[in-house]
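Student: Dropping a structure here in structure tokens format, bear with me for questions.
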């Protein structure tokens, strides 16, 4: 009896994984297949990128300030406050920038995608697309995934920058460190990790691969749960909740494994 | 009769099958049901006669028309059987109305014709081509021959009325913007909407009847040879129901489109149908003309019609 239950649960998990990866494969494959829904892509880039700018700016700025404030206590005890720029830059660019931007966008955009596609599912708009001879994955999923893949690295760069600026504010007004010294420390950190293709700092590469992957996770989680919605408005609510939970957990888990891989690849 | 006796009689009456009930022993409301059914029957016959006058297809030539939609021995089950050995066909220009109780799989039939679902047994053919085993991409092409009107209209709520009706034209034709606009205006006028007033409106600004009409206009945009309707008159007031029914008849008469309509509305069904398919117990319990239906002595059929 218990074994049957485990068996059924395992089958459901495998089936869900199969569905998720099939959706991902189709959505990514359609990027290169005509017709290209360019207007939909730009609209989604606007919704995902420009629409998320506010929360990303706020999150980045305050995270940078808090990070500087907390680490200044330890660094002051060790007499090493001059390296605060290095610490902020390393943390923001490699780790906090991508993860925080990912989590913020998962909450705002992932849930939005799931709610929109879920509503379209329960009001038969997805069926209508099918009957009008349009593949819903190509029309709805591919532009959202592509827009996320493009916009999340852009949001992360902005998040990194305002986070470092937040650290600068604390370094200057709380620790009394000149801005020039702070920014020199920041650049030392960014340039210390070595270069890819002679010019691109490895820290940048690490910091941009992660949001690229997170962008895919967020949009695919939203589209997957949105398209699978059933049971009316209650189903739409469930889809949004599941999307945020799934995307947030995947971001944190995948972040760990990506960090392991990237450190192995890019360690100086 | 005391109140207690009356209550007991009512309860006993509720437990019995309608056919077993004794008219004289029934409460007043139930006692009148025979007279009501007779009235309905008369009305249905009138509607059938009326519909016969309005039918778009010339009966003389109907036998010569080729079969456009054909379902042969279709069986389908999800967790439990939905359809078993279902067969019927629609010839060119005919309108087949599928009626039946709720939850009997009427809308499933439309999904099978659209090849959104694949039957476990049997085959669905469109213009003689078996679509049962088509690939997803080929099924998308076959669907371009069809227009579908959904129960809730299913208009894209992020698009204006104009964009909704223009959508299939932008997707599947090489028409210029001005040609698309002309086509959209033509289709909106066909469904008795004023293009100038509604084209820029969002679906959320429209009434239920207007949404249905825009849904019909969108379904018609590509000039399909087949139209499918899922409960086109459900949730509408009698006047709007009559308008939508009239539109479907007008569409048949003027455009000679082959149609399958899923409906609960037996009155509208009699008005628009060339043939009626009654779905009962997962099977087609009756398939024939409205006249044959009203003339049938089948107890279930009488019961079903009496329910209206």
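Student: Identify all residues within the stretch B:161-176 that are away from chain A (no Cβ under 14 Å) and either over 20 Å from residue B:145 (Cβ atoms) or buried (at least 18 other Cβ atoms within 10 Å of the Cβ) (or both); write none if there are none.
Tutor: Residues of the stretch B:161-176 away from chain A (no Cβ under 14 Å): B:161-162, B:175-176.
Correct list: B:161, B:162, B:176.
Student: Of (1) facing chain B (nearest Cβ under 9 Å); (2) surrounded by fewer than 21 Cβ atoms within 10 Å (Cβ to Cβ); (3) under 20 Å from the mean Cα position of the chain (by Cα), residue A:157 satisfies all except one. Which?
Tutor: That leaves (1) as the condition not met.
Student: If the requirement is being touching a residue at least 40 places away in the same chain (Cβ under 8 Å), over 22 Å from the mean Cα position of the chain (by Cα), at negative phi and surrounded by fewer than 14 Cβ atoms within 10 Å (Cβ to Cβ), which of these qualifies: A:192, A:230?
Tutor: Values: A:192 fails: surrounded by fewer than 14 Cβ atoms within 10 Å (Cβ to Cβ).
Exactly one of A:192, A:230 is touching a residue at least 40 places away in the same chain (Cβ under 8 Å), over 22 Å from the mean Cα position of the chain (by Cα), at negative phi and surrounded by fewer than 14 Cβ atoms within 10 Å (Cβ to Cβ), namely A:230.
Student: Can you pull out the residues in the stretch B:205-223 that are touching a residue at least 24 places away in the same chain (Cβ under 8 Å), over 16 Å from residue B:241 (Cα atoms) and in a helix (DSSP H, G or I)?
Tutor: If the condition is that a residue be touching a residue at least 24 places away in the same chain (Cβ under 8 Å), over 16 Å from residue B:241 (Cα atoms) and in a helix (DSSP H, G or I), then B:217, B:218, B:219, B:220 are the ones that fit.
Student: Please work out which one of (1) within 14 Å of chain B (Cβ to nearest Cβ); (2) without any contact (Cβ under 8 Å) to a residue 24 or more places away in the chain is the condition residue A:58 fails and give its number.
Tutor: If we test residue A:58 against (1) within 14 Å of chain B (Cβ to nearest Cβ); (2) without any contact (Cβ under 8 Å) to a residue 24 or more places away in the chain, just (1) comes out false.
Student: So, residue A:153, is that one within 30 Å of residue B:138 (Cα to Cα) and in contact with a helix residue (DSSP H, G or I) (Cβ under 9 Å, 6 or more places away or on another chain) or not? Spell out the reasoning first.
Tutor: Numbers: within 30 Å of residue B:138 (Cα to Cα): no; in contact with a helix residue (DSSP H, G or I) (Cβ under 9 Å, 6 or more places away or on another chain): yes.
No: the conditions fail for residue A:153.
Student: Sort out for me the strands (runs of 3 or more DSSP E) sitting completely within the stretch B:60-160 that have 2 or more residues that are buried (at least 21 other Cβ atoms within 10 Å of the Cβ) and within 14 Å of another protein chain (Cβ to nearest Cβ). Break it down into steps so the answer makes sense when it comes.
Tutor: Numbers: elements: B:67-77, B:81-91, B:95-100, B:121-126, B:146-149.
The qualifying strands (runs of 3 or more DSSP E) are B:146-149.
Student: Among the residues of the stretch B:104-127, how many are free of Cβ contacts under 8 Å to residues at least 24 places away in the same chain and under 18 Å from the mean Cα position of the chain (by Cα)?
Tutor: First, pick out the residues of the stretch B:104-127 that are free of Cβ contacts under 8 Å to residues at least 24 places away in the same chain: B:111, B:116, B:118.
Remaining after also requiring under 18 Å from the mean Cα position of the chain (by Cα): B:111, B:116.
Total satisfying the criteria: 2.
Student: Quick one: how many residues across the stretch B:249-280 are touching a helix residue (DSSP H, G or I) at 6+ places or on another chain (Cβ under 9 Å), touching a residue at least 60 places away in the same chain (Cβ under 8 Å) and assigned to a loop (DSSP other than H, G, I, E, B)?
Tutor: 5
Yes or no, residue by residue, for (1) in contact (Cβ under 8 Å) with a residue 24 or more places away in the chain; (2) surrounded by fewer than 18 Cβ atoms within 10 Å (Cβ to Cβ); (3) closer than 26 Å to residue A:178 by Cβ:
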{"site": "A:38", "(1), (2), (3)": "no, yes, no"}
{"site": "A:47", "(1), (2), (3)": "yes, no, no"}
{"site": "A:52", "(1), (2), (3)": "yes, no, no"}
{"site": "A:94", "(1), (2), (3)": "yes, no, yes"}
{"site": "A:122", "(1), (2), (3)": "yes, no, no"}
{"site": "A:127", "(1), (2), (3)": "no, no, no"}
{"site": "A:133", "(1), (2), (3)": "no, no, no"}
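Student: Sticking with this structure for a sec: Would you confirm, using the coordinates I've provided, whether residue A:111 is touching a residue at least 24 places away in the same chain (Cβ under 8 Å), farther than 18 Å from residue A:250 by Cα and touching a helix residue (DSSP H, G or I) at 6+ places or on another chain (Cβ under 9 Å)? Break it down stepwise before answering.
Tutor: Working: touching a residue at least 24 places away in the same chain (Cβ under 8 Å): yes; farther than 18 Å from residue A:250 by Cα: no; touching a helix residue (DSSP H, G or I) at 6+ places or on another chain (Cβ under 9 Å): yes.
Criteria not met by residue A:111.
Coordinate-derived values only; no laboratory data. All of these numbers come straight from a predicted model, not from anything done at the bench. As a convention, Cβ positions derive from the backbone with ideal geometry for all residues, glycine included, and neighbour counts pool all protein chains shown.
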